[in-house]
Amino acid sequence: MNFSRRHLLGLEGFNREEILFLLDTAASFKEISEREIKKVPTLRGKTVVAAFFEPSTRTRISFEIAAKRMSADFVSLSGSTSSATKGETLLDTARNLAAMQPDILVLRHPSAGAPHLLAQCLECSVVNAGDGCHEHPTQALLDLLTIREQKGRIEGLVVAIVGDILHSRVARSNLYALRTLGAEVRLVGPRTLLPPECAALAFTTTDLREGVAGADVVMLLRLQRERQVGNFIPSVDEYARYYCLTEAHLRLAKPDVIVMHPGPLNRGIEISSEVADGPYSVILDQVANGVAVRMAVLYLLGTGARRADAETERPQLAAIGRARRRASR
Amino acid sequence: MSGERVVLDARGIDRALTRIAHEIVERNKGLEDLVLIGIRSRGVHLAERLRRKLAEIDGTTVPMGIIDITLYRDDLSRSRQQPEVKETKVDFPIDDRRVILVDDVLFTGRTVRAALDALVDLGRPRSVQLCVLVDRGHRELPIRADYVGKNLPTSLDEEVQVRLAESDGVEEVVLHRREG
């Protein structure tokens, strides 16, 4: 397999072979985290800069642990303590970071397309760790790895993605990749949180029971209260009454159904504690797989001679535009 | 393929491995504390065969592990395409064991250097011995093999290929001119 990408901006446009190659590579890295000495020298001398302009614990720590287990130097910057609060533009911040010669920039930003912009302007590789409501590719890859480990395959599975689809970059990245790998995707949520463009790509329903009936995988999303979701639903309590996943719902799914959640959990809103802590939950496996996926991504982007003739990856402008308009609504 | 010369056939490979198995038992005075570690990919097949032969000779089945040396290579930032990473699988502690590292061809010694680094990340073996099916010379590092199936003088523009039934469907070691 010839993996020739310089950046990981999103999974839209990735083909089946590329996704499977990423998953296979990630699976090989799992063993390193189980060793007594959890470190390999592969990225010695490489610098990974993480710039997070939105809060994050899991993703940032996961990237940091991944980079350190690969022996890369890891420097992180968070929005609230950066010069962005003094009015510096993203591009100026990024150019200044780039002047310090990092090899990989991991970016989380509230604006869709921010990593695509930087990928065009900077010399280093850019990894999208979540851009607004657009994509979060490493999260989808770790979800796929977890599904494949639990079910042995992805093709032909019924995957219900439940919740705030509209604001979810996790849902978008998963939707693209799951379709590419041949899974049947259902999107479940209140009509106001089901974006019309997604209806063209998957079966949509507002009924949680219908959505989880016969499902192999139920993937829950966090209700993103920081994105003014209050304007889209009458109240959080009402949302919880219709969409909080309980064991009663899971009895409608396949007997070996697994329940996933990208975290952080809103217990009692989108997931009941009995489900979160119950036998169907693979939430902590997802977190463990996140490290392996990010090790694989850093390995694939951080090694190999700089490719002068690297294909320039055209950002998916239409999709970004849609996500941007949504964010500003 | 043009100009391909078979230097070891199926029987030759089998005889070499049988002799190496006897040498291993002799030099180590038995199989106590001994473990085999195969280097992906063909070293693994050879290690499996040695393990069976050792069991026939001594009646003990020694533990066997697999290492992938990709993450320890010294040319990762030079090659245009990064090699595929496969899993390292050593399910037993190697501390204070006598490790026999198995590979198909010994050439520059760089693979073995990487394997030694990978090994010490997994523990502290009492000793490490190296076993190869073919030693083709041209070392670039101070490394030598303890057990050699066949010493094969080669020139740098030649290539040695080990083909094994498990991965290639045929059993032979061939020598040919590098193409291009």
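Would you check if B:Gly65 is in contact with an Asp or Glu (Cβ under 8 Å, 6 or more places away or on another chain), touching a residue at least 24 places away in the same chain (Cβ under 8 Å), part of a helix (DSSP H, G or I) and within 23 Å of A:Phe29 (Cβ to Cβ)?
Values: in contact with an Asp or Glu (Cβ under 8 Å, 6 or more places away or on another chain): yes; touching a residue at least 24 places away in the same chain (Cβ under 8 Å): yes; part of a helix (DSSP H, G or I): no; within 23 Å of A:Phe29 (Cβ to Cβ): yes.
When the stated conditions are applied, B:Gly65 does not pass them.
Annotation for the range A:26-43: no member residue is part of a strand (DSSP E or B), more than 9 Å from every other protein chain (Cβ to nearest Cβ) and out of contact with any Asp or Glu (no Cβ under 8 Å at 6 or more places or on another chain). If you filter the range A:70-105 down to residues that are closer than 20 Å to A:Leu43 by Cα and in contact with a Phe, Trp or Tyr (Cβ under 9 Å, 6 or more places away or on another chain), you find that the one that is surrounded by the fewest Cβ atoms within 10 Å (Cβ to Cβ) is A:Ser76.
Regarding the range B:118-128, can at least one residue be identified that is of a type in the set (Val, Ile, Thr), touching a residue at least 60 places away in the same chain (Cβ under 8 Å) and either out of contact with any Leu (no Cβ under 7 Å at 6 or more places or on another chain) or open to solvent by less than 30 Å² (accessible area, probe 1.4 Å) (or both)?
Taking the range B:118-128 as the starting set, the residues that turn out to be of a type in the set (Val, Ile, Thr) are B:120, B:128.
Now narrow it down to the ones that are touching a residue at least 60 places away in the same chain (Cβ under 8 Å): none.
The answer is no, given that none of the residues of the range B:118-128 is of a type in the set (Val, Ile, Thr), touching a residue at least 60 places away in the same chain (Cβ under 8 Å) and either out of contact with any Leu (no Cβ under 7 Å at 6 or more places or on another chain) or open to solvent by less than 30 Å² (accessible area, probe 1.4 Å) (or both).
On the given criteria, is A:Ala171 more than 16 Å from the chain's Cα centre (by Cα), among the small types (Gly, Ala, Ser), modelled with pLDDT of 95 or more and within 13 Å of A:Thr204 (Cβ to Cβ)? For A:Ala171, the condition - more than 16 Å from the chain's Cα centre (by Cα), among the small types (Gly, Ala, Ser), modelled with pLDDT of 95 or more and within 13 Å of A:Thr204 (Cβ to Cβ) - is not met.
If I ask for residues that are among the polar types (S, T, N, Q), open to solvent by 10 Å² or more (accessible area, probe 1.4 Å) and not in a helix (DSSP H, G or I), which ones from the range A:111-148 would you list?
Residues of the range A:111-148 that are among the polar types (S, T, N, Q), as a first pass: A:111, A:120, A:125, A:128, A:138-139, A:146.
Next cut, open to solvent by 10 Å² or more (accessible area, probe 1.4 Å) only: A:111, A:120, A:139.
A:Ser111 - this is the single residue of the range A:111-148 that is among the polar types (S, T, N, Q), open to solvent by 10 Å² or more (accessible area, probe 1.4 Å) and not in a helix (DSSP H, G or I).
The residues of the range B:25-42 that are in contact with an Asp or Glu (Cβ under 8 Å, 6 or more places away or on another chain), assigned to a loop (DSSP other than H, G, I, E, B) and among the small types (Gly, Ala, Ser) amount to a single one, B:Gly30. Criterion first (within 14 Å of another protein chain (Cβ to nearest Cβ) and open to solvent by 50 Å² or more (accessible area, probe 1.4 Å)) does B:Ser41 satisfy it? The answer is yes for B:Ser41.
Of all residues in the range A:34-51, those that are more than 19 Å from B:Val85 (Cβ to Cβ) have Cβ atoms under 6 Å from Cβ atoms of residues that are among the aliphatic types (A, V, I, L, M), 6 or more apart or on another chain, in A:Val49/A:Val75; A:Val49/A:Leu97; A:Val49/A:Leu105; A:Ala50/A:Val106; A:Ala51/A:Leu77; A:Ala51/A:Leu107.
Scanning the range A:66-107 for residues that are of a type outside the set (Phe, Trp, Tyr), within 27 Å of A:Thr25 (Cα to Cα) and part of a strand (DSSP E or B) yields A:Asp73, A:Val75, A:Ser76, A:Ile104, A:Leu105, A:Val106, A:Leu107. Checking the range B:79-100 against the condition returns a match, with at least one residue being closer than 18 Å to B:Leu31 by Cβ, open to solvent by less than 30 Å² (accessible area, probe 1.4 Å) and more than 14 Å from every other protein chain (Cβ to nearest Cβ).
To keep it simple, each residue is scored yes or no on (1) assigned to a loop (DSSP other than H, G, I, E, B); (2) over 15 Å from B:Ser41 (Cβ atoms).
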residue	(1), (2)
B:Glu84	yes, no
B:Glu87	yes, no
B:Asp96	yes, yes
B:Ala114	no, no
B:Leu130	no, yes
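The values are calculated or read from the model by the stated rules, or taken from the named source; none is laboratory data. Nothing here was measured: the structure is a model prediction, and the numbers come from that model. Here Cβ is always computed from backbone atoms with ideal geometry, including for glycine, and neighbour counts include all displayed protein chains. We work out accessible area using only protein heavy atoms, side chains counted, and drop any ligands, DNA or RNA first. Shrake-Rupley method; radii C 1.70, N 1.55, O 1.52, S 1.80 Å.
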